[in-house]
Amino acid sequence: MPTDTAYAPGPVPAPVHTDQLDVAGELLALLRDARTEPRPDPQLEALTLAVAADLPVLLWGEPGIGKTAALTHLAASLDLPLTTVIASVHEPSDFSGLPVVGDDPAEQGIPMAPPDWAVRLVRAGRGLLFLDELSTATPAVQAALLRLVLERRVGTLRLPAGVRIVAAANPRASAADGWELSPPLANRFVHLRWAHDHDVVVRGLGGTWPRATLPRLDPAKLPDAVDFARRAVCGLLAARPALVHRLPSGETQRGGAWPSPRSWEMTLHLIAFATAAGSARDVLSLLVRGTVGDGPGLELLAALDRMDLPDPETLLADPDHADLPERGDLRQAALDGVVAAVRARPAKSRWDAAWALLVRAMETGAPDLIVVPATDLAALREEDWDVPAAIERLAGAVSLSRRADRAAARVAVAEEAAR
Amino acid sequence: MTPRTPGASPASHATVTLDREKLFAARLHAVRARPYLATALFALHAVESRQVPTMAVDRYWRCYVSPGFVDRMPVEELAGVWVHEVSHLLRDHHGRGDRVARQRGLTGPGERLRINIAADCEINDDVFGDGLARPEGAVDPRSLGLPEGELMEDYLRQFRLGAHLERAAWLDCGSGADGLERPWDLGPDGAHGLSPQEQDAVRFRVAQGITGRPGDAPRGWRRWAEEAFHTPQRWRELLGAAVRSAATGSGAGEDHTYGRPSRRSAAVPGAVLPSLRRRPPRVSVVIDTSGSVSDAELGSALLEVASISRAVGGRRDLVTVVPCDAAARIAHPLCRAEGIPLIGGGGTDLRTGFATALAARPRPDVVVVLTDGQTPWPERRPPCRTVVGVFSRGRRRRTWDEGDPDYVPDSPPDWARVVDIG
């Protein structure tokens, strides 16, 4: 305790703050006083969806970047009590249960007593269990923990369905010990890489932390969401059988997500949840790539992009009011689809409608996109089909194509001369 | 991307209207010359801008075009500019520029210009030719006196701004090339931007097109496609993870044992609980080299293994080195300095190296092999964990044999964890 004279010198009586702890408390309150602002956070949204879908999530991130803070926030917004268990300070028996010897072990067996936090979780019936510091636990503790994650068992207790589990680990490069998931175990997790956003941290330390709006599942969308998810996954796997099961090979891919029937089923669930919540593609991208790996995940996302393209038959039915995608590559894909549809079922009326579509594309977007579809469409002409009048409005595309041809010829001549 | 002709101020072009036909004819030519880039080229959204000096991209895949620039450039050179700009985006130069600027503390417009020039060097050394004309004034490594085929981050260390770059000071590929916002940028909320997910999807489709038909694309693009979604991990980290994982596996390292009673045993009478014991791993490093690996590479790899095994609890006396002749001259002084006991020696056949390492008593928990891969491997799995560090540079250089042109060296066996070094 400081002496009075040091803090109340002179004859004027000092303010009432003689207790230094009170002053410190006031300062702490000022420091804690931070505002929040709404800011979309795809990481947190992905985590929420995976937790809602009841899939085990593994957060990979360097220590001290706010994984625990994110979990606290998530637990508060889902109204779940948060139980944090730091794996590295426990023994295997804390997760597999402590053997308690009774009167007659040979007759009654030795029950494995669960730890208090598990008992409380079971009694509450619901909660968010956060297994932190998985990477610094010993192999035996990790083995015990994996039983907890996969079978939801702690000793003789079984965690109720309302308990959701999230684990966190440090990336291999910074892990002090040899924590590494074997492929079968890695396949059971949704891997989310947790990174800090430079701007968010700077702004947060300045007093304004982001407040993420969490996704809400829309009950009206549920049947469509399931249908959409099934079509997406089945459509891709029917066309690419090799993607169904592919064990990771090579040192760089160890311990990460890889495709198998199990992880595809998880993906299907996640697509349905993301669709029902109306989440952005960015969020779905994090989830899908964290479940089946980057390559298969990106193929699935590309397939989803194609599913978003307008149906060629709809476009052909009303070419003058057709709604073509704005993005050039998607627009070209849509026009290619239209040409393919005409090729599959050729008819004069469909051929004319396709020309009308090309004219519309020419008038509403970049002209170079329609050169290839127009060439393909012209090749589909049958002898008795007259050239439609609309084709004249594509003259711009023809001259553009010739200009490109001439440029190519000049380049060829110059390259020949240089040789 | 191309230097603006000095003296031609944007004001003199203010009256020029954008020749859309010329701009898009150039894109069509670019697509025909580089079909594997078609998706990316078509995904770019062209925005007319009178502020931008030439052509510039932003991180949302918009392409800002100066009408005067389009007017001045021939179609074939404009096509080269299209491909150049889309390359900045495909290779994520804005993200990499941001990262490298933060890591190395590069601030100020001068540094961003250097990032832009280094990125141009990375692109321009193999993007032109073969049907695509090189735009006038394009910066390439040779004009800066630098070697070809390196990455932006490497070029960035090798040159400074100076009088020789005066012409380049006019160049500006926009925020998509170096990560610094420009006054003409429409920003994240502007129309027709691509989200990060959409950018990844475009990149993925381009990479897939290249790996699907690798014959069409130059070497630089093939390498990009291979690495686009597998960021190459540094071998130090991989080797470290492999050795750590091997050294802390069952039988060594920190784990629970029933050999001694647990501190909790008193609380649970009658039950035997495991206790935590630390048993540091014994690591044997077998070094094989036939002279194709540089001393520096070998030395750094050996040092790495020594420091890793110490970090997981191995004391110095638990790390042994088994040299195979040529390597001895590096291994000896290094080990003397590090206090590592040397055992064995002789014989370039790795199998004898394995035998020597395993003959030691007590037996090692982990065998780490550093080799260039030109060796026969033991037929059976040795009775301990094995990590193989392969100097891939040496392997690639020497995959032929004068006496036997069909000779292909055995690849390391399945039972070992293999890390490519170098």
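Quick look at the numbers
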| item | result |
| --- | --- |
| Residue within region A:66-76 that is among the basic types (Lys, Arg) and under 16 Å from A:Leu214 (Cβ atoms) present | no |
| Residues located in region B:179-201, provided they are within 12 Å of chain A (Cβ to nearest Cβ) and touching a Phe, Trp or Tyr at 6+ places or on another chain (Cβ under 9 Å) | B:Pro188, B:His192, B:Gly193, B:Leu194, B:Ser195, B:Glu198, B:Gln199, B:Asp200 |
| Pairs with Cβ under 6 Å, 6+ apart, first in region A:46-70 and outside the structural domain of A:Val283 (by the TED database) and crowded, with 19+ Cβ neighbours inside 10 Å, second assigned to a helix (DSSP H, G or I) and of a type in the set (Gly, Ala, Ser) | A:Leu49/A:Ala274; A:Val57/A:Ala50 |
| Residues being away from every other protein chain (no Cβ under 14 Å) and more than 22 Å from B:Phe69 (Cβ to Cβ) - total across region B:122-156 | 18 |
| Filtered residues of region A:65-88 (kept if out of contact with any helix residue (DSSP H, G or I) (no Cβ under 9 Å at 6 or more places or on another chain) and either within 11 Å of chain B (Cβ to nearest Cβ) or over 20 Å from A:Ala169 (Cβ atoms) (or both)) | A:Ala76, A:Asp79 |
| 1 or more residues under 23 Å from the mean Cα position of the chain (by Cα) and more than 12 Å from chain B (Cβ to nearest Cβ): qualifying helices (runs of 4 or more DSSP H) within region A:90-173 | A:139-151 |
| Yes/no for A:Leu335 being over 12 Å from A:Pro312 (Cα atoms), at pLDDT 90 or above and aliphatic (A, V, I, L, M) | no |
| B:Val206, sole failed condition from (1) within 12 Å of chain A (Cβ to nearest Cβ); (2) modelled with pLDDT under 70 | (2) |
| From the options A:Arg281, A:Arg246, A:Arg203, A:Arg216, residue that is open to solvent by 30 Å² or more (accessible area, probe 1.4 Å), within 30 Å of A:Arg331 (Cβ to Cβ) and basic (Lys, Arg) | A:Arg281 |
| Number of positions in region B:50-76 that are open to solvent by 10 Å² or more (accessible area, probe 1.4 Å) and more than 9 Å from chain A (Cβ to nearest Cβ) | 9 |
| Hits in region B:23-49 - residues which are farther than 22 Å from B:Arg91 by Cα and more than 7 Å from chain A (Cβ to nearest Cβ) | B:Leu23, B:Glu48, B:Ser49 |
| Members of region A:358-375 that are open to solvent by less than 10 Å² (accessible area, probe 1.4 Å) and under 36 Å from the mean Cα position of the chain (by Cα) | A:Ala361, A:Asp368, A:Leu369, A:Ile370, A:Pro373 |
| Flag for A:Arg126 being out of contact with any Pro (no Cβ under 8 Å at 6 or more places or on another chain), open to solvent by 30 Å² or more (accessible area, probe 1.4 Å) and in contact (Cβ under 8 Å) with a residue 24 or more places away in the chain | no |
| Test: residue in region A:218-231 that is in a strand (DSSP E or B) and out of contact with any His (no Cβ under 9 Å at 6 or more places or on another chain) | no |
| Residue in region A:393-404 that is more than 14 Å from chain B (Cβ to nearest Cβ) and either in a helix (DSSP H, G or I) or within 26 Å of B:Ala26 (Cβ to Cβ) (or both) present | yes |
| Number of positions in region B:218-238 that are at pLDDT below 75, open to solvent by less than 50 Å² (accessible area, probe 1.4 Å) and either assigned to a helix (DSSP H, G or I) or facing chain A (nearest Cβ under 7 Å) (or both) | 3 |
| Helices (runs of 4 or more DSSP H) contained in region A:270-362 and holding at least 1 residues within 14 Å of chain B (Cβ to nearest Cβ) | A:281-292, A:294-308, A:328-344 |
| Verdict on B:Ala46 being modelled with pLDDT of 90 or more, in contact with a Leu (Cβ under 7 Å, 6 or more places away or on another chain), open to solvent by 20 Å² or more (accessible area, probe 1.4 Å) and not in a loop (DSSP other than H, G, I, E, B) | yes |
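The values are calculated or read from the model by the stated rules, or taken from the named source; none is laboratory data. Everything quoted here is computed from the prediction, not taken from an experiment. Using ideal geometry, Cβ is built from the backbone for each residue, glycine included, and neighbour counts are taken over all protein chains shown. Ligands, DNA and RNA are excluded from the accessible area calculation, which covers all protein heavy atoms including side chains. Shrake-Rupley method; radii C 1.70, N 1.55, O 1.52, S 1.80 Å.
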